[in-house]
Amino acid sequence: MAWRCSGSSNEELVDNLYKAGIIKSSRIRDAMKATDRKFYCLPGSDPYEDAPQRLGFSATISAPHMHAHALEYLVDHLKPGARVLDVGCGSGYLVGILHELVQPGGKVVGIDHIKGLTDMSISNLRKDKHSALLDSGAIQIITGDGRQGFTSAAPYDAIHVGAASPSKPVELIKQLANGGRMFVPVGTYMQDVWLFDKDHEGNVKEEKLFGVQYVPLTDAPTA
Ligand code: SAH
């Protein structure tokens, strides 16, 4: 897939993901075009390659087709004014895209347990024209254990988890709004993406989608 969707610019990368049918929604295409991946990759990496890139701190920015895929499952919950949580925000790239989708009036919280990465997220988002949103709180980046979510901004209309939860993410399910949806890889050696949907009465429906290989949600490394 990488050779097919990579581009020589952000525009070309996103157009190739769209042509390949990985991006289906024009809203996702436009939000990904408005968020240049170069601001979220380290100098010397290849931001327009459809592949993960090293961020340092043993983390990578996920491949664009993985982000596109996750966004497709969440898009109906990413309306203007929606509240969103991105667990394991790493580079901050998805936070930037998510914000494009929920403005005006929406709020996106990114959480990562490595301070070096949350500092990087903030600096990347500032490079990508988002300083005012960080200053107003429309985008909030938190250093903490994402397995516990972030209760002060809950409930969330959409939750994306960018690392695998070893078991059912009970605390995060609690923080879903009625009508909300979570996209989360679950498992240890064998992992699958699960969708958790909370209906308007608060009942939760779960659906297993497909096998994946994500890094696990872990305890923060001790310095
Ligand atoms: N989605 C991000 C990064 C994905 S890599 C991007 O594309 O840029 C997975 C991320 O999960 C890493 O940044 C790692 O630090 C983070 N992570 C792992 N365990 C965590 C935990 N318990 N709480 C918060 N973040 C965690």
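The residues of segment 23-58 that are within 28 Å of residue 196 (Cα to Cα), surrounded by fewer than 21 Cβ atoms within 10 Å (Cβ to Cβ) and in contact (Cβ under 8 Å) with a residue 24 or more places away in the chain, listed by number, are 24, 25, 27, 30, 51. When segment 41-56 is filtered for residues that are in contact with a strand residue (DSSP E or B) (Cβ under 7 Å, 6 or more places away or on another chain) and over 19 Å from residue 22 (Cα atoms), the ones remaining, listed by number, are 41, 42, 45, 46, 53, 54, 55. One residue stands out among those in segment 57-78 that are more than 23 Å from residue 19 (Cα to Cα) and in contact with a helix residue (DSSP H, G or I) (Cβ under 7 Å, 6 or more places away or on another chain): the one that is nearest to the ligand (Cβ to nearest atom), which is 59. Filtered by the rule that a residue be surrounded by fewer than 19 Cβ atoms within 10 Å (Cβ to Cβ) and either modelled with pLDDT under 95 or in a strand (DSSP E or B) (or both), segment 143-185 gives 143, 177, 178, 179. A residue that is more than 23 Å from residue 147 (Cα to Cα) and more than 15 Å from the ligand (Cβ to nearest atom) occurs somewhere in segment 92-101. Determine whether segment 21-40 contains at least one residue that is among the hydroxyl-bearing types (Ser, Thr, Tyr) and within 16 Å of the ligand (Cβ to nearest atom). Checked segment 21-40: at least one residue is among the hydroxyl-bearing types (Ser, Thr, Tyr) and within 16 Å of the ligand (Cβ to nearest atom).
The values are calculated or read from the model by the stated rules, or taken from the named source; none is laboratory data. Note that the coordinates shown come from a computational prediction; the quantities given were computed from them, not determined experimentally. All Cβ positions, even for glycine, are placed from backbone atoms using ideal geometry, and neighbour counts span all protein chains on display.
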